[in-house]
C-alpha cells in the first residue's frame, strides 16, 4: 500500500511537471509570435524611415532631390543643404546591371548642369553599372526570362497581343524581344515586349499582363521622331533599362531608357495588383554605349 502511494505521488508529480510544461509552451509560442510581429513591424518601420537610395546611370530617382541645385550650377543652395546632400549620397552603393550584382563601390556627388544639376559617379569602377542602390537586399526577387526568339503564340503574328497593337496603331507589328517576370509577386508573370512593324516605321515597348492584354505602351513613329533610327538600333530591352526592385518593397519596377537629343531619358513604371503607374521622365546629360 505504501508502494502504491509512492507511485501515485510520482504520477501526480510527473503530471504537474507536464502541465507546467504545457503552460510554458503556450506562453512561449505566444511570446515568439509577439516577438516576430514586433520584429516585422520594426523592419517595416525601418524601411519607411530609411528607404534605399536608387541611382540610374548616375542620376537619382528621387524626384525632389534631383531638382535641388546642390552644387550651385545656377543660384545654388545654402551650405547646410549641400552638406546634407553630400552626407546622404556620398556613400557606398551596391551596383547592378542586367540582373547581375557587379559589386560595391563608393559614390561621389558631382555637378553637371544643363538638364540636371548633379549626378553620382563611381570613380573606381568601369561605369558599366546601370543601377546603384544604397541598401543590401536582393533587388531581383523573381527571375526575369529574356528571349529574342520562340515567343509565346500570343506574341507571334496573328496572336492576341499583336492583334491589339495592330488594331490600335494601324501597323503590322512583329515581336523582336520579350522579357517575362512576375513584377508584383502574385505568382503570375507579366511581359515587357519590344515591337517593330515590318517596315521598321513603328517602335513600341509595351507592358502586357498575364492575361495577354496590353496594359501600357511607349510608342514612336518614324515620321514623328527625330531619334527613331537611334531608337531602333540601340534601345533594346537589354541595353536600355532594367527590371529591378529599387525601393525594397518586393515590387519590381520597370526602368525604360529612351533617346532625347544627344542625351537620354529614363521613365520609371510600377505595376501592382492590376494597377499601373508611371513616373516622370528623368533626363541625363549623355548617352552611354
Fill in the blank from the handout: Projected convex hull area of segment 145-284, Cα atoms, direction-averaged, in nm², equals 8.3 nm²
Handout entry: Cβ-based exposure ranking for 203, 221, in which fewest neighbours within 10 Å come first
Key = 221, 203
Problem - Potential lengthening between residue 91 and residue 212 on full extension [0.36 nm per residue; Cα-Cα distance subtracted] - result: 39.4 nm
Problem - segment 54-133, Rg to Rh (Cα coordinates; Rh as Kirkwood inverse mean 1/r) - result: 0.98
Exercise for the section: Give the order of 131, 256, 68 when sorted by the count of other beta carbons within 10 angstrom, beginning with the fewest. Expected result: 68, 256, 131
Exercise for the section: Could you tell me the distance between the Cα centroids of segment 224-268 and segment 150-180, to the nearest Å? Expected result: 20 Å
Exercise for the section: Find how much the distance from residue 83 to residue 238 grows on full extension, using 0.36 nm per residue of separation minus their present alpha carbon separation; answer in nm with one decimal. Expected result: 52.1 nm
Exercise for the section: Would you compute the Debye intensity of segment 73-177 from its alpha-carbon atoms alone, equal scatterers and no solvent, and pass along log10 I(q)/I(0) at q = 0.10, 0.13, 0.17, 0.19 Å⁻¹ to two decimals? Expected result: -0.55, -0.73, -0.86, -0.95
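Only the coordinates and a few stated rules stand behind these numbers; no lab work does. Everything numeric here is computed off the predicted structure, so don't read it as measured data. When we count neighbours, we look across all protein chains shown, and the Cβ atoms used for this are built from the backbone with ideal geometry, even at glycine.
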